[in-house]
1. Between D73 and I124, what is the spin-label point distance in nm, taking each point 7 Å from the Cα along the Cα→C-beta axis?
2. In the structure shown, do any of K163/K282; K78/K164; K300/K448 have a Cα-Cα gap over 20 Å, and if so which?
3. Please report Rg over Rh for the range 55-232, where both radii come from the alpha carbon positions and Rh follows the Kirkwood definition.
4. Search the structure for amide H atoms under 5 Å from the amide H of V334, placed 1.01 Å from N in the peptide plane, and list their residues when 5 or more places away or on another chain.
5. With every protein chain left in place, what is the accessible area of E452 in Å² (1.4 Å probe, nearest 10)?
6. Kirkwood Rh, the range 273-354, all Cα pairs: how many Å?
7. Can you tell me which lysines have their Cα less than 18 Å from the Cα of K187? Leave out same-chain residues fewer than eight positions away.
8. At what distance in nm do the modelled label points of H55 and F306 sit from each other, each positioned 7 Å from its Cα along Cα→Cβ?
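The values are calculated or read from the model by the stated rules, or taken from the named source; none is laboratory data. These numbers come from a predicted model, not from an experiment. Neighbour counts are summed over all protein chains in view; Cβ atoms, including those assigned to glycine, are modelled from backbone coordinates with ideal geometry. Note: areas computed on protein heavy atoms with side chains; ligands, DNA, RNA excluded. Shrake-Rupley method; radii C 1.70, N 1.55, O 1.52, S 1.80 Å.
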Amino acid sequence: MQIQTTMKSITLDITKAEQFLAKGAVEAYESKVKAAQEALENGTCAGNDFLGWLHLPSSITDDFLNEIQAVADTLRKKCEVVVVAGIGGSYLGARAVIEALGNSFAWLIDDRTNPTILFAGNNIGEDYLYELTTYLKDKKFGVINISKSGTTTETALTFRLLKKQCEAQRGKEEARDVIVAVTDAKKGAARTCADKEGYKSFVIPDNVGGRFSVLTPVGLLPIACAGFDMKALVKGAADMEKACGKDVPFAENMAARYAATRQALYTQAGKKIEIVANFQPKLHFMAEWWKQLYGESEGKELKGIFPAACDFTTDLHSMGQWIQEGERSIFETVISVETPRYELDFPHDDENLDGLNFLEGKRVDEVNKMAELGTRMAHVDGGVPNILINMPELTEYYLGQLIYFFERACGVSGLLQGVNPFNQPGVEAYKKNMFALLDKPGYEAESKAIRERL
């Protein structure tokens, strides 16, 4: 007989943030949040052509996940290394989940079960690319090329290098089996290349922007290649989709309350910077994903909370002084993991030169939790509002919950701020200058104008 267990949920605690606000300040946002939720659901908000993420978790079928898993299994069977080529939302979500679930020293372990997952196409560092291609010279590697257009400079440059190297090392026929495209359904350079070369491909939906795409093949395929449970990830997200819906009362809706608390701190308490902090090193790239999600969504029209991230306790020894006593323009959102995966007790030492025998027999996580509690108390005492997100464990299911929670709250928060949360017009500014400086065809006028400025 299979025993049915009730899954827990991530939780939100805003009490240490509310004390920095006028009484009832968060609840005062209830009607505005309701309007934002209805605008999302009805597709009447700015950016309504990019709302495909909103009910994505509940729409994903087992057949679709099985199709992704089949391709992942082929890569896992035929590759020692899988390189994920993508930038921004095309890699951060996948990396966040893989780093959170994987062994911290996976790259040092000779694992015959799971391929090593590497990420490239997210910079134009010549040394990095040289070292990557050198490392791959004696490896059976495959490539997941993730790009809607196929012309994003960082990713396209990297894919060109990797495609040629893979074909040279494995032969064109075998390379065809281990290069996968995740791209537009019909148009773009990456789609043209995939069709011409006969690569297996998956579609990035037109109505899902990059930073919201982790639950599409953009994130799911690399996660499956790494050996993790996509279905549990999607299940967690689908459950959180229900828990954050527009008909869930404001008092019970985590996403609604997080969005309202952030905006109240921003507009009423002058808190312009949000630091997402964790006491679990495995969440480093989850914070990097969060930074893009909120930075690209809210940083517009000279508005927006600046998203920053710290890994504690590490960064307490570099940023701790500023957080404790610097300008009071910040608030913190701490992601706490209730139960770690492993147990490790603190040992006895006869000489006790470090004076730490008082910790003998305690779990290392107990020490870490007291560091977490002590830090939160000190920062609140120092004038830093504190929001707490608690995760029962680092599993696919709870990461799925966390991802959808942040996505839903982001959409609501951006609308509360009065901007379009789903575009990113400012991202193109540097590209225009770069292409002009490189004398890209079609940029002759810009090239002339920019050189007159130099």
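1. With each label placed 7 Å out from Cα toward Cβ, I get 4.2 nm.
2. K163/K282; K300/K448
3. A ratio of 0.93.
4. A277, I387, L388, I389
5. Rounded to the nearest 10, the figure is 130 Å².
6. 15.0
7. K148, K196, K200
8. 4.0
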